[in-house]
Structures are given as C-alpha cells and as structure tokens.
C-alpha cells in the first residue's frame with residue numbers, strides 16, 4: 001500500500017506551509033513510513049484514509065502531529081544521500097584538479113552528534129581522486145553536549161542502523177561493548193569546536209567545502225543573510241557550499257549561485273563577487 | 001515487488017512484513033532456511049528481496065544465503081540479513097557469503113526503509129493510486 005497522489009499533495013502543501021520544508025516528488029515513501037503509525041493510532045486502515053479525514057476536518061492537533069512527524073529529523077549517516085554522491089562524483093574530483101598541495105579543508109557547520117563530518121570523511125576515502133590526500137575537517141555546533149558526543153565517536157546500535165551501509169560499518173567502526181566506535185583513523189582527522197553561527201566567526205583559514213545543511217531554516221531572513229555573507233568570507237573563492245534540500249540562497253544572498261553537482265546541486269560564489277573574498 | 005521474510009519468530013515476521021507491506025511489497029514467509037528454499041522452489045515469480053534471520057532451526061540464515069548464492073537461477077534475489085548477531089566478524093561473514101546488506105535487531109521502521117533505499121529497492125510504484 002502506497003500513498004495516493006492526492007494524499008501526498010495535501011501533506012506536501014501542509015508541510016510546506018507550516019515549516020517551509022519541501023517534500024519533492026519521490027518522497028512518497030517517506031510520507032507513508034512516517035505517517036503510518038499515526039494513521040493506525042487514529043484508527044484508520046491506511047495513510048490515505050487518515051489524510052482524507054485530516055483534509056476534511058483539519059483538526060489542529062492532528063495537523064501539528066503530521067507536520068512534526070515529517071520535520072523531526074533523526075540524524076542519519078549520509079543523510080539524504082544526494083549531497084554525498086555529489087561530493088564523491090563531482091565536488092571532490094573538481095577540487096582534486098585545482099589543489100596542488102593535495103589538501104582539502106572542510107567545515108561541517110552544524111555537526112550535531114557527528115554523523116555528518118564522519119560521513120564526509122568516509123566519502124573522501126571512497127573518492128579515488130583523493131587517494132593520499134589530506135582532508136582537514138572542522139566540525140562545529142552550538143551544543144557542547146552534542147560536540148562531546150561527536151568527539152567520543154561512540155554510536156548506539158540503533159544509530160549505526162540509520163543509513164549506514166554494512167560494508168561501511170565494518171570498514172570504519174569497531175565494537176565497543178554494546179556500542180560502535182568510529183575508527184581512530186577518521187576521528188583523528190576532525191577538530192571539534194563550539195561555535196554560534198549567529199555571532200562573528202573566529203579567525204579561520206579558508207574552506208574548500210562547507211556543509212550548512214538544515215540550519216538556515218531556523219533563522220529569520222536578516223540572520224540568514226548575515227550568516228551567508230560571513231560564510232562567503234571564510235570560503236575559498238572557488239569553494240562549494242551545501243545547504244539542506246529545503247534551503248536556498250536565492251532572494252537571501254544573491255552573491256551565491258546554484259550550480260549542478262551530480263544529481264544534486266551546490267552553491268558557489270558568483271564570479272563577480274569572488275574578488276571581494278579572495 | 002515481492003519479499004521473502006525468513007525468520008523463526010512469527011512476531012518478527014509480522015513486524016517486518018508490516019513495514020515492507022507498507023512500503024509496497026507483497027510478502028512471503030518462511031520459518032527457517034530450508035522452508036525458505038522450499039518456498040523459492042515453488043515460486044514462478046521469484047521475490048526481489050529476502051530478509052533473513054541468522055539463528056534458526058533446521059537451516060540457519062548463513063547457510064541459506066550461501067545456498068541461494070550457489071544457485072544461478074536465484075542470483076537476482078537481493079539478500080539482507082536481519083538479525084541480532086552484531087559482531088563485526090559476523091557481518092563480514094554474511095557479506096562474504098553473498099548478503100547485500102545487514103540490519104541489526106532491534107531496528108526502527110525508518111532504518112529498514114533506509115536500507116531499502118541503499119539497496120535501490122524503494123517501490124517504483126510509489127505515487128500510483130493505491
């Protein structure tokens with residue numbers, strides 16, 4: 001049983017109106033899997049019937065539950081997969097042609113419990129063009145608690161089940177009691193630091209790649225503009241910025257342009273703005 | 001698409017069957033590896049995926065995976081271990097025997113769906129009228 005186009009459209013419009021998060025066509029399975037337990041709890045035989053009643057009665061509490069079910073993100077490895085494919089197939093090979101010192105600097109600007117920076121490093125190891133290269137990773141977050149977790153490199157069984165291919169698990173992790181620990185070869189490449197994106201950044205060397213995914217959605221327009229302007233100042237002129245699927249620079253900071261990268265897209269500083277930062 | 005769930009626990013077969021049924025799969029079941037082989041031999045239309053527990057009576061999951069991989073006519077079946085066995089060497093053994101993925105119990109429905117995504121098995125029929 002899969003969700004009908006009408007039900008998907010209703011949920012898509014609801015989530016977009018309430019959260020600015022866009023569920024692209026192809027995310028029907030996500031809607032289905034996230035709503036099925038809500039539907040059953042509400043006594044419906046399937047998600048379609050649940051959504052049909054929701055669209056008629058529009059019970060505010062149920063509407064809120066639906067939005068929360070679709071916008072609460074547990075952190076997965078290789079979250080959304082497309083950005084990591086773009087890194088491996090497009091961004092890293094491009095950088096490999098233009099960095100004579102065989103060194104790349106990456107910033108994961110809201111690293112949470114560490115899955116994102118470690119996923120980036122695993123992707124770098126899977127990129128043939130970067131064999132023998134040095135990848136410097138700065139991982140920052142507002143939460144000291146999250147940074148401590150990320151730095152420990154320890155993940156529960158439930159966490160390593162989320163989006164991590166089995167071959168990657170056995171290659172990059174070792175058992176530590178009931179948990180799994182990221183290999184020292186990876187964790188030693190990451191520098192963790194507390195950082196509040198709303199405040200001026202400390203002095204930093206330029207980055208070739210910045211991951212700023214699913215962060216801007218929480219800020220107002222002026223703050224988004226300020227953050228994107230300051231990110232430009234710490235980017236290499238030909239650097240690559242990754243945003244979340246529901247985020248864009250258009251109408252916020254037009255010094256960035258969206259360019260295709262594999263089946264996904266990244267943001268780069270427009271040519272005419274590069275002189276300002278180089 | 002069809003899935004064969006091989007697990008000696010009826011409750012676990014029901015849980016996995018419900019998740020995969022919601023994802024659009026038609027579900028077949030077997031209580032051990034030998035029964036799973038009998039089910040496969042009786043099919044004219046093979047399942048796309050088999051979710052296989054490790055520890056089962058009569059024939060365990062690793063032996064079943066090895067047997068499926070030995071038979072060229074079953075080569076197209078994608079094999080995913082779904083088991084409480086969580087040591088690295090176990091995972092390596094299963095992958096070496098021919099399993100494509102490995103999901104460790106306990107797991108959430110989202111984790112199962114993400115494994116299907118990794119395997120390229122999310123139903124192509126999503127979005128069609130149900």
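The values are calculated or read from the model by the stated rules, or taken from the named source; none is laboratory data. Since the structure is predicted, the reported quantities are computational estimates derived from the model, not experimental observations. Counting neighbours? That spans all protein chains shown, and the Cβs are built from the backbone with ideal geometry, glycine included.
Taken over region A:230-252, the criterion of being over 19 Å from residue A:88 (Cα atoms), touching a strand residue (DSSP E or B) at 6+ places or on another chain (Cβ under 9 Å) and in a loop (DSSP other than H, G, I, E, B) is satisfied by A:234, A:247, A:248, A:249, A:250.
Those strands (runs of 3 or more DSSP E) of region B:2-80 in which 3 or more residues are more than 14 Å from every other protein chain (Cβ to nearest Cβ) and touching a residue at least 60 places away in the same chain (Cβ under 8 Å) are absent. Taking region A:95-124 as the range and being farther than 27 Å from residue A:142 by Cα and touching a residue at least 40 places away in the same chain (Cβ under 8 Å) as the test, the residues that pass are A:95, A:98, A:99. Would you check if there is a residue in region B:95-114 being assigned to a helix (DSSP H, G or I), within 12 Å of chain A (Cβ to nearest Cβ) and either at pLDDT 95 or above or farther than 21 Å from residue B:21 by Cα (or both)? Looking for residues that are assigned to a helix (DSSP H, G or I), within 12 Å of chain A (Cβ to nearest Cβ) and either at pLDDT 95 or above or farther than 21 Å from residue B:21 by Cα (or both), one finds at least one in region B:95-114, hence yes.
As a summary of the residue check, residue B:92 satisfies the conditions (1) within 14 Å of chain A (Cβ to nearest Cβ); (2) crowded, with 19+ Cβ neighbours inside 10 Å except for the one numbered (2). For region A:43-102, give me each residue that is within 12 Å of chain B (Cβ to nearest Cβ), outside any helix (DSSP H, G or I) and farther than 30 Å from residue A:243 by Cα. Those that are within 12 Å of chain B (Cβ to nearest Cβ), outside any helix (DSSP H, G or I) and farther than 30 Å from residue A:243 by Cα: A:45, A:46.
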